[in-house]
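One structure is given here, and the rest of the page talks about it.
The values are calculated or read from the model by the stated rules, or taken from the named source; none is laboratory data. Since we're looking at a predicted model, the values are computed, not measured. Cβ sites come from the backbone with ideal geometry, for glycine too, and all protein chains shown count toward neighbours. Each accessible area value is taken on the protein alone, full model and side chains, heavy atoms only, with ligands, DNA and RNA left out. Shrake-Rupley method; radii C 1.70, N 1.55, O 1.52, S 1.80 Å.
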Amino acid sequence: MSASAPEPGTVPPILELREIRAGYGSIEVVHGVSLEVPTGSVVALLGPNGGGKTTLLNVCAGTLAPSGGEVRFEGNPVTSISADGRARRGICTVPEGRGVFPNLSVRENLLMATQVGVPMDWIEDVAFTQFPQLAVRRKQLAGTLSGGEQQMLALARAFATSPKLLLLDELSMGLAPIVVTQLYDKVRELAAGGLSILLVEQFARTALPIADFAAVVLQGVIAHRGSPAEMEEAVSASYLGG
Ligand code: ATP
């Protein structure tokens, strides 16, 4: 949770989705979703498998073109801007499944982040200060790290580019609960530093404590939205099919 997250509508949103429609081939799986991420806040997209959360995140990242609607970043339309172009503007994604290169070392994986124009010295400094556990493994192949360390590496690489907005997809996937807690503690710390975050998480109880706002995505629409406290009941109902 951010130190002092603004209420929606009180500051210009860093990210705005307007009536987004998206899908695969002729099948639409997101049906006109509008959502705002207020600058400096953490927004959690929750909901059971297959609701359309990852699809929405990919539309934000620019890796999936919507069939309708508009994506705005810092007040400007970015719908037709490539994922690479969005990364250069400050939108950084940690995709589902970690997205590290297993046959490259930790350091080489971090080197990838220089593609958005950030010097390696800076990246190493930020990544290893924030994630000291990785510093001792800098020469180790990423594929030989534990699942939690790989996720940490993906997070470190993203954070080291000094993004304005971090998109996190299912950080908890396939990890032991204690590791998930450690990772989310780190996300909470980054958020407290003022980073805007949009995260997708299937496990609502994991994400709600660090979120300022949450939305439950069900069958391609936002079924509920509100503060974490308001969401508790809605979340239970949605996951149990109520
Ligand atoms: P999950 O936690 O399973 O990823 P989700 O809420 O993120 O769930 P999406 O991954 O966005 O949901 O999937 C929404 C729908 O789109 C699902 O019915 C899924 O099967 C379908 N889908 C996702 N990716 C593809 C793809 N590449 N091609 C075709 N259909 C897809």
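Before moving on, here are some points about what is shown:
- Exclusive hit being among the polar types (S, T, N, Q), in contact with a Cys (Cβ under 9 Å, 6 or more places away or on another chain) and within 16 Å of the ligand (Cβ to nearest atom), set 93, 55, 63, 161: 93
- From the options 29, 37, 42, residue that is more than 26 Å from residue 184 (Cα to Cα) and at pLDDT 90 or above: 29
- All of 108, 74, 70, 96 fail the test of being open to solvent by 30 Å² or more (accessible area, probe 1.4 Å), charged (D, E, K, R) and in contact with a helix residue (DSSP H, G or I) (Cβ under 7 Å, 6 or more places away or on another chain), apart from 96.
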